[in-house]
Amino acid sequence: MTTHLTHWGAFEAISDGERLTAVRPWRGDPEPMPLIENVASAQHHPARITQPHVRRGWLEHGPGAPGRGSDPYVPVSWERATDLLAGELRRVYERHGAEAVYGGSYGWASAGRFHHAQSQVHRFLNCLGGYVRHVNSYSMGTSTVLLPHILGDLYEMITHATSKDVLAEHAELVVAFGGLSPKNVAVTPGGVSRHHGRGWIASARARGCRFVSISPLRDDIGDEARAEWIAPRPGSDAALMLAVAQVLDAEGLADKSFLDRYTVGFDRFARYLRGSDDGVVKDPRWAASITGVPAERITALAREMAAARTFVTVSWSLQRARYGEQPVWLGVVLAAMLGRIGLPGGGFGHGYGSAGNVGEPARRLSVPRFPQGENPVRTYIPVARIADMLLNPGGEYEYDGRRLVYPDIRLIYWCGGNPFHHHQDLARLREAFARPETIVVHDPFWTATTRCADIVLPATMTIERDDFGAGDNDRLFFPMPALTRPAGQARDDYAILSEVAEKLGVGKEFTEGRTTMEWLRHLYGEWRTTQAASGDAGVTIPGFEEFWAADGFELPVSDPGQVVFADFRADPDRHPLATPSGRIEIFSETIESFGYPDCPGHPIWLEPEEWLGSAAAQRFPLQLIANQPRTKLHSQLDVGAHSQSAKVHGREPVRIHPSEAAARGLREGDVVRIVNDRGSCLAGLMLSEALAPGIAQLSTGAWYDPDPADPSFCRHGNPNVLTADRPSSSLSQGCTGQLCLVQIEPYTGEVPELSVSGPPPTV
Ligand code: PGD
């Protein structure tokens, strides 16, 4: 048995050299996840890319030839593929320069520090003169921009977030906006060894801590929490939070001394709460009409929160929506009004139900990193603006107080991501992807993105290559020796890029003359030397050979009892926050100075275009929640056994309340059509009382399978044909894929075959 690491857990496997013959969870994992079953079953699936391919139109007519997404592919040798790719890169860099190359290449890719796909492609493009990059993420694009203005750096906050064990020991009430979803915390970027998503909740509950889950989905929190479920209309959390704040303010329950010493701008915000300028008091009656939550329950909740040591946590999903800044900012404001920020068991958290690393103690040691080099190109886009960029070269837009201009992109290079999974309004993205002259994608699988590329290069899976890995804030650093040979002719991204770099005359610069094993030894050796020089006497790092032969090296943590903002609370002058005032900004002069009506200087309620209270709901009366899937990570390994086991007639399951099904004459197991003005998709119907009426839930991750005649119709169940490509706000320009309005109707046609379960047509 050899141990191996994925974003969703470590596993032990036996291999016959070609494929894995036995897989079981790593023995140290107290909460193992069935997602590991996707790996072995996907490795030799027909949807695996087994050799390089070039789109026929591009091959015959050159860059810019139409037919992307519909042309068949021509299988070619590696020699031919890398010659064509090197020639095209030379042409684009010479004729249009590095500003014409989009190399942002967003995506989760795979666990493993050396073969991290983005690091590889970024280093490669930097050797050629750089590329237009992206900033922020689809996960937290809104918070990443907002939080530095009001609370400090988000990544710092995540790394040093109050540990879950501290919450288990000290919290009396956890109010979780967006819940604490067990399926989300199964995953940690870079890998997770010991899952710790449920244990801390069970311990807290056993001690008497109460959980309130505020979410449209009852199962957004595990049974062990025995939580009270409050289900506001999706997208209305900001109104609910304002009313809680109003009760705290009106009833004198806000901690005035905390607000005075640790925050700025409460007075400005209080004017809004009290209706001093607009005449509307944001009280529970006002919020009840927006949220659907009874006013008495809101009032009582505010009092309960004031009476107990309360931890307010807001999930990342809430900011993946129109005006997503508001619930996050209000979560901070509520925690500040309660005055327990910086105390064990109290305060504010972000993402405790969003990823496994949040609330795990920070490591004392970093882990090795593959150097990406320097990118001389200054142009960037907020990641979710990709379609706008491609459709609107030269166009101007606002972002975080700046006026930016979209570059004119001629070539896209993607490695380790799937924009036709992660982006919104996929028909629009198809239109945008028709614009560049050339699109290059490396991926192990025929995803929808590879099916829109001109040059398609088959990448290895982690089980087919040597690497080492450790997830964010995870304590285990694993060797990851290859478990099998690569499927077909798949090659490591490093090997592909090394060959192309060589053909372009920058081979030495890219590889520094090292093979993969030489890089692993080199990076490990450098890391070991740096750690030894740091004077941390408590840690002895083994030599490389010992590490490589063992089952993982336990990395020490700094403080298992870490409490975020404890220093700040102890002395805000000596430990100011990284905000302009050094304090928590309930009112932000900086944000106010940008003059954005969609994100003013303090949090407010802004009515989204698509929610159950809007006019659009008359035509599309169901609020679709396009959340993270339970049986896979994003779109990864959708063809794997565990992911497939949940499909209904091969389609992604959509859940609605039984009353909504009855009203439409639908039954569990039916294939249905979900529709709005942007597109439609098929899905398999599941009925559940874990959703309130008026809600539909279709997770992301089904591989986009467009009808050949209509790219806005997905035959498989990808919700991103329905979601809007609208930014969160002018401030953050984040992704808003979480919510949109739809109708669900019976599907009366013949259920079409899926094309994504095999390769595209080849000639
Ligand atoms: P993945 O499916 O993880 O999705 O979007 P992301 O693009 O990260 O894509 C990773 C791709 O990399 C896969 O195709 C995989 O096969 C490939 N890959 C894996 N390992 C390697 C490798 O070593 N080399 C190469 N070359 N390729 C590799 C995720 C994004 O989706 C995220 S983070 C979020 S939070 C968003 N969430 C939502 C949402 O809540 N709602 C909607 N509607 N949409 C969303 N999209 C976003």
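The values are calculated or read from the model by the stated rules, or taken from the named source; none is laboratory data. For clarity, every value in this text was computed on a predicted model and none was experimentally measured. Virtual Cβ from ideal backbone geometry, glycine too; neighbours counted across all protein chains shown. We work out accessible area using only protein heavy atoms, side chains counted, and drop any ligands, DNA or RNA first. Shrake-Rupley method; radii C 1.70, N 1.55, O 1.52, S 1.80 Å.
Between THR700, THR736, THR748, THR762, the distinction of being in contact (Cβ under 8 Å) with a residue 60 or more places away in the chain, hydroxyl-bearing (Ser, Thr, Tyr) and touching a strand residue (DSSP E or B) at 6+ places or on another chain (Cβ under 9 Å) belongs to THR762 only.
Being open to solvent by less than 60 Å² (accessible area, probe 1.4 Å), assigned by TED's automatic domain parsing to the domain that holds ARG303 and in contact with a Gly (Cβ under 7 Å, 6 or more places away or on another chain) is a property that PHE258 has. Looking across the range 303-317, the residues that are in a helix (DSSP H, G or I), away from the ligand (no atom under 11 Å from the Cβ) and touching a helix residue (DSSP H, G or I) at 6+ places or on another chain (Cβ under 9 Å) come down to ARG303, MET305, ALA306.
Considering only residues that are buried (at least 17 other Cβ atoms within 10 Å of the Cβ) and either not in a helix (DSSP H, G or I) or not assigned by TED's automatic domain parsing to the domain that holds ASN126 (or both), which ones fall in the range 54-73?
First, pick out the residues of the range 54-73 that are buried (at least 17 other Cβ atoms within 10 Å of the Cβ): 54-59, 65, 68-69, 71, 73.
Those that are buried (at least 17 other Cβ atoms within 10 Å of the Cβ) and either not in a helix (DSSP H, G or I) or not assigned by TED's automatic domain parsing to the domain that holds ASN126 (or both): VAL54, ARG55, ALA65, ARG68, GLY69, ASP71, TYR73.
Screening TRP329 with (1) within 30 Å of PHE433 (Cβ to Cβ); (2) in a helix (DSSP H, G or I) gives one miss only, at (1). Comparison of GLU509, GLU554 shows that the only residue that is touching a Cys at 6+ places or on another chain (Cβ under 6 Å) and not hydrophobic (A, V, I, L, M, F, W, C) is GLU509. All told, ALA227 meets the bar of being of a type in the set (A, V, I, L, M, F, W, C) and surrounded by 21 or more Cβ atoms within 10 Å (Cβ to Cβ). Residues in the range 535-554 that are exposed (fewer than 12 other Cβ atoms within 10 Å of the Cβ) and at pLDDT below 85: GLY535, ALA537, GLY538. Within the range 349-366, the residues that satisfy the criterion of being of a type in the set (A, V, I, L, M, F, W, C) and over 18 Å from the mean Cα position of the chain (by Cα) are ALA362, LEU365. Quick one: in the range 108-119, which of the residues that are open to solvent by 20 Å² or more (accessible area, probe 1.4 Å) and within 9 Å of the ligand (Cβ to nearest atom) is nearest to GLY373 (Cα to Cα)? Only one residue tops the list, namely HIS116.
SER645: open to solvent by less than 40 Å² (accessible area, probe 1.4 Å), more than 16 Å from the ligand (Cβ to nearest atom) and polar (S, T, N, Q), yes or no? Please lay out each step first, then the result.
Values: open to solvent by less than 40 Å² (accessible area, probe 1.4 Å): no; more than 16 Å from the ligand (Cβ to nearest atom): yes; polar (S, T, N, Q): yes.
No: the conditions fail for SER645.
Please indicate, with yes or no, whether at least one residue in the range 727-747 is under 19 Å from the mean Cα position of the chain (by Cα) and outside any loop (DSSP other than H, G, I, E, B). There is at least one residue in the range 727-747 that is under 19 Å from the mean Cα position of the chain (by Cα) and outside any loop (DSSP other than H, G, I, E, B). Taken together, the residues in the range 681-697 that are in a strand (DSSP E or B) and open to solvent by 10 Å² or more (accessible area, probe 1.4 Å) amount to 3.
Can you name every residue in the range 126-148 that is more than 14 Å from the ligand (Cβ to nearest atom) and either surrounded by fewer than 24 Cβ atoms within 10 Å (Cβ to Cβ) or over 20 Å from LEU404 (Cβ atoms) (or both)? I'd like the intermediate steps shown before the answer.
Taking the range 126-148 as the starting set, the residues that turn out to be more than 14 Å from the ligand (Cβ to nearest atom) are 126-133, 135, 145-148.
Answer for the range 126-148, where residues must be more than 14 Å from the ligand (Cβ to nearest atom) and either surrounded by fewer than 24 Cβ atoms within 10 Å (Cβ to Cβ) or over 20 Å from LEU404 (Cβ atoms) (or both): ASN126, CYS127, LEU128, GLY129, GLY130, ARG133, VAL135, LEU147, PRO148.
Which of the residues belonging to the range 713-733 are among the polar types (S, T, N, Q) and crowded, with 20+ Cβ neighbours inside 10 Å? Before the answer, list the steps.
Step one: list which residues in the range 713-733 are among the polar types (S, T, N, Q), which gives 718, 720, 723, 728-730, 732-733.
Of everything in the range 713-733, those that are among the polar types (S, T, N, Q) and crowded, with 20+ Cβ neighbours inside 10 Å turn out to be ASN718, ASN720, THR723, SER728, SER729, SER732, GLN733.
Go over the candidates ARG297, ARG285, ARG271 one by one and state the one that is closer than 20 Å to LEU338 by Cβ, in a helix (DSSP H, G or I) and more than 16 Å from the ligand (Cβ to nearest atom). Of ARG297, ARG285, ARG271, the one residue that is closer than 20 Å to LEU338 by Cβ, in a helix (DSSP H, G or I) and more than 16 Å from the ligand (Cβ to nearest atom) is ARG297.
Taking the criterion of being in contact (Cβ under 8 Å) with a residue 24 or more places away in the chain and either in the same structural domain as ALA690 (by TED's automatic domain parsing) or open to solvent by 50 Å² or more (accessible area, probe 1.4 Å) (or both), the residues of the range 190-207 that qualify are ARG194, ARG198, SER203, ARG207.
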